[in-house]
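The structure under discussion appears below in the form of structure tokens.
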Amino acid sequence: MNDTSDQDAATQEAPFVRVARDAGHRAETEPRRLHIGARELVVTEIIDRWLDPRHRYFKLRGDDAAIYLIRQDTLRDCWELTLFDSGRRDETRLSST
């Protein structure tokens, strides 16, 4: 079980994200929907994905045309939103989107 103090600290560091997944690339599960607070977003494109020893990262486009960078802590099976780009301001738009 997770320690409640660890969960509280993680919640303060990054927004809570719930991710609905389906089998995809090489039978690994992939994000299909994001739930951020009361918002539900459909993933329209997986732009990129990568791994590190403890996390899986996904750079996604939502049905709102925004870009989301989320990561999964593979040991605790929890998700975090690490970056959001609405795409409304050219000067802050992410490259390779």
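No lab work stands behind these numbers, since they all come straight from the coordinates. Since the model is a prediction, treat every value here as computed from it, not as a measurement. Heads up, the Cβs are rebuilt from the backbone with ideal geometry, glycines too, and the neighbour counts pull from every protein chain shown.
Projecting the Cα atoms of VAL42, ALA65, THR29 onto the charge dipole of the range 27-66 (Cβ charges, centred on the Cα centre) puts THR29 farthest toward the positive pole.
Each residue, HIS55 and SER86, gets one label point 7 Å from its Cα in the Cβ direction; the gap between the two is 2.4 nm.
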